[in-house]
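For reference, the structure is listed below as structure tokens.
The values are calculated or read from the model by the stated rules, or taken from the named source; none is laboratory data. This structure is a prediction, so every number in the text was calculated from the model and none was measured. All Cβ positions, glycine included, derive from the backbone under ideal geometry; neighbour counts span all protein chains shown. Quick note on the areas: whole protein, heavy atoms, side chains included, nothing else; ligands and nucleic acids left out. Shrake-Rupley method; radii C 1.70, N 1.55, O 1.52, S 1.80 Å.
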Amino acid sequence: MAVERLFKDEATEEKGERARMASFVGAMAIADLVKTTLGPKGMDKILQSTGRGHSVTVTNDGATILKSLHIDNPAAKVLIDISKVQDDEVGDGTTSVVVLAGELLREAEKLVATKIHPMTIISGYRMAADCARNALLQRVVNNKEDAEKFRSDLMKIAKTTLSSKILSQDKEHFATLAVDAVMRLKGSTNLESIQIIKKAGGSLKDSFLDEGFILDKKIGLGQPKRIENANILVANTAMDTDKVKIYGARVRVDSMAKVAQIEGAEKEKMREKVQKIIGHGINCFVNRQLIYNFPEELFADAGILAIEHADFDGIERLALVTGGEIASTFDNPESVKLGHCKLIEEIMIGEDKLIHFSGVEMGQACTIVLRGASFHVLDEAERSLHDALCVLSQTVNDSRVLLGGGWPEMVMAKAVDELARKTPGKKSHAIDAFSRALLAIPTTIADNAGLDSAELIAQLRAEHHKENSNAGIDVITGSVGDMSVLGISEAFKVKQGVLLSATEAAEMILRVDEIITCAPRRREDRM
């Protein structure tokens with residue numbers, strides 16, 4: 001006897017063919033959504049939220065677009081995840097990874113339609129991915145030993161990464177900023193010590209790199225505006241006059257004189273705390289919380305610069321940069337680690353006053369000040385610059401470099417094609433499909449630039465059949481160009497991440513043969 005109902009009411013299940021269709025369609029739709037943002041001539045998307053204020057984001061960063069989407073389709077969520085991981089791991093290639101996974105599934109759908117089992121397709125894809133990775137490994141360039149060449153490699157990578165973003169007009173300028181900032185890190189991938197400050201006004205060209213630390217605060221009244229050889233105490237402590245801090249406490253007194261006594265005692269308590277802090281032998285005090293007028297007055301009398309309400313990122317970074325630690329108790333000064341810097345002064349950027357710390361302990365720190373016409377431009381510029389910084393800091397560690405502009409995909413496709421010819425059995429169809437999917441990236445780059453992609457890809461393929469060809473798509477002239485001459489380079493780590501993540505995601509979605517959606521929870525009537 002067949003079971004009539006297995007699941008609760010309203011739970012749905014899709015089986016076999018229908019489940020596979022649902023996953024394929026969802027994944028391909030997501031890939032088509034971000035496809036138009038790929039490459040130097042990619043277009044931007046406007047994301048408008050329906051929340052308060054209807055905030056608007058203008059971006060062409062694949063991960064940012066996908067993060068903002070709310071999607072029901074489970075396969076589409078897998079693709080959104082891989083683009084997030086690619087963004088966290090390497091910073092660039094977030095669009096490519098989704099486009100490649102979408103294409104692999106599009107090819108797989110055709111194979112499944114011709115009755116090839118998904119497991120056969122998966123094992124073919126696995127073989128093809130290994131072969132493609134080895135083909136890239138044979139063609140990587142590593143200039144780690146030669147500082148001059150390595151720096152020019154980094155510049156090329158930065159320019160290539162920025163060329164598909166809003167900063168492409170001034171990519172020379174921003175590539176220099178990014179490379180300088182990353183070279184100061186000396187091999188660490190911790191981007192915390194590169195601070196990015198956005199100030200509206202001016203144009204993108206006015207952005208600059210400052211060697212030191214800038215805190216977005218003003219210096220208080222009556223305090224020194226310039227301090228040399230500063231000893232800085234970074235703290236997170238309450239500097240409002242120490243009131244009776246017991247919730248709901250009431251103090252009854254029988255005359256105004258008593259009130260004055262209580263106030264006097266509070267002031268005395270505060271004065272003691274300030275004396276303890278001054279006892280550390282400091283001349284700059286940075287606090288995360290408010291500093292009331294009375295303690296501020298005391299600090300000013302002692303000739304100490306007091307900065308209140310330094311935001312949390314700012315204060316953590318300041319502690320990191322000046323080599324101090326964040327303190328919250330001040331009873332034993334010997335255990336508190338103070339920060340040091342050579343000079344603290346007030347500077348103006350546009351209309352705003354900021355505090356500038358120069359000659360800081362950690363020479364790796366620097367601040368990039370971005371200027372731009374509007375906040376949307378600045379946000380997008382920050383995302384673009386962050387991508388470039390991520391890629392560069394990864395490249396400093398793994399210094400293998402490839403050419404860009406569709407060249408790596410053509411190299412991989414050629415190797416995978418040869419493998420397909422040698423492989424017997426049904427797997428060869430899957431391997432062949434993999435090489436067709438790889439060609440989707442150069443095709444999309446050409447399509448987005450309004451070029452004839454079929455013609456260009458055919459020319460590229462012919463070029464790549466010559467030994468050690470450097471041909472790729474030159475979007476500017478709309479023809480096939482030599483990538484090494486044009487100086488278009490990409491990091492090996494980015495390409496490897498794209499290849500392996502996309503293959504694994506496609507494999508995961510291919511394995512699905514049933515989708516079960518659980519029933520929504522009902523709210524019980526509380527009457």
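In the condition set (1) at pLDDT 85 or above; (2) touching an Asp or Glu at 6+ places or on another chain (Cβ under 7 Å); (3) in a loop (DSSP other than H, G, I, E, B), I116 is compliant with all but (2). Within region 411-418, not a single residue is over 25 Å from the mean Cα position of the chain (by Cα), modelled with pLDDT of 90 or more and in a loop (DSSP other than H, G, I, E, B).
The condition of being touching a helix residue (DSSP H, G or I) at 6+ places or on another chain (Cβ under 9 Å) and either part of a helix (DSSP H, G or I) or open to solvent by 20 Å² or more (accessible area, probe 1.4 Å) (or both) holds for only one of K149, K110, that being K110.
If you take the residues of region 1-51 that are open to solvent by less than 50 Å² (accessible area, probe 1.4 Å) and assigned to a loop (DSSP other than H, G, I, E, B), which of them is farthest from G472 (Cα to Cα)? Filtering first and then ranking leaves A11.
Scanning region 268-296 for residues that are within 22 Å of D311 (Cα to Cα) and either free of Cβ contacts under 8 Å to residues at least 40 places away in the same chain or open to solvent by less than 20 Å² (accessible area, probe 1.4 Å) (or both) returns V274, I277, I282, C284, F285, V286, N287, I291, N293, P295.
If the condition is being assigned to a strand (DSSP E or B) and open to solvent by 10 Å² or more (accessible area, probe 1.4 Å), then region 353-382 contributes K353, H356, S358, G359, V360, R371. Do you know which of the residues in region 352-409 that are in contact (Cβ under 8 Å) with a residue 40 or more places away in the chain and acidic (D, E) is nearest to K225 (Cα to Cα)? The extreme case among them is D352.
Looking across region 297-312 at every residue that is over 39 Å from the mean Cα position of the chain (by Cα) and closer than 23 Å to E325 by Cβ, the one that is surrounded by the most Cβ atoms within 10 Å (Cβ to Cβ) is identified as F299. Exactly one residue among I122, I214 is at pLDDT 90 or above and either of a type outside the set (D, E, K, R) or out of contact with any Pro (no Cβ under 9 Å at 6 or more places or on another chain) (or both), and that residue is I122. The set of residues in region 268-298 being among the basic types (K, R) and assigned to a loop (DSSP other than H, G, I, E, B) consists of R288 alone.
Of everything listed in (1) surrounded by 19 or more Cβ atoms within 10 Å (Cβ to Cβ); (2) under 30 Å from the mean Cα position of the chain (by Cα); (3) closer than 24 Å to R511 by Cβ; (4) not aromatic (F, W, Y), the single unmet condition for V90 is (3). Listed by position, the strands (runs of 3 or more DSSP E) enclosed by region 158-267 that each have at least 2 residues that are surrounded by fewer than 14 Cβ atoms within 10 Å (Cβ to Cβ) are 226-235. Among residues of region 332-349 that are basic (K, R), those with a beta-carbon under 7 Å from a residue that is open to solvent by 50 Å² or more (accessible area, probe 1.4 Å) at least six positions away or on a different chain give the pairs K337/E325; K342/E228; K342/N229.
The helices (runs of 4 or more DSSP H) falling completely within region 436-527 that include 3 or more residues that are out of contact with any helix residue (DSSP H, G or I) (no Cβ under 7 Å at 6 or more places or on another chain) and modelled with pLDDT of 90 or more map to 453-464. Summed over region 122-146, the residues that are open to solvent by 30 Å² or more (accessible area, probe 1.4 Å) and among the hydroxyl-bearing types (S, T, Y) give a count of 1.
The listed residues are I441, I509, and the only one of them that is over 25 Å from the mean Cα position of the chain (by Cα), within 14 Å of L100 (Cα to Cα) and open to solvent by less than 20 Å² (accessible area, probe 1.4 Å) turns out to be I509.
Cβ-Cβ contacts under 6 Å between residues 6 or more apart (or on different chains), taken from a first residue in region 422-445 that is farther than 14 Å from K35 by Cβ and touching a residue at least 40 places away in the same chain (Cβ under 8 Å) to a second residue that is in a helix (DSSP H, G or I) and of a type in the set (D, E, K, R), are listed as A433/E107; S435/D417; R436/E107; L438/E409. Filtering region 53-81 to residues that are open to solvent by less than 70 Å² (accessible area, probe 1.4 Å), part of a loop (DSSP other than H, G, I, E, B) and either in contact (Cβ under 8 Å) with a residue 40 or more places away in the chain or not small (G, A, S) (or both) leaves N60, D61, L69, I71, N73. Scanning region 447-470 for residues that are in contact (Cβ under 8 Å) with a residue 40 or more places away in the chain and among the aliphatic types (A, V, I, L, M), we see that the one that is least open to solvent (accessible area, probe 1.4 Å) is L460.
The residues of region 383-410 that are charged (D, E, K, R) and either over 21 Å from the mean Cα position of the chain (by Cα) or surrounded by fewer than 23 Cβ atoms within 10 Å (Cβ to Cβ) (or both), listed by number, are R383, D398, R400, E409.
Filter region 321-350 down to the residues that are in contact with a Lys or Arg (Cβ under 6 Å, 6 or more places away or on another chain) and open to solvent by less than 70 Å² (accessible area, probe 1.4 Å) and list them by number. Within region 321-350, G324, F330, E345, E346, I349, G350 meet the criteria.
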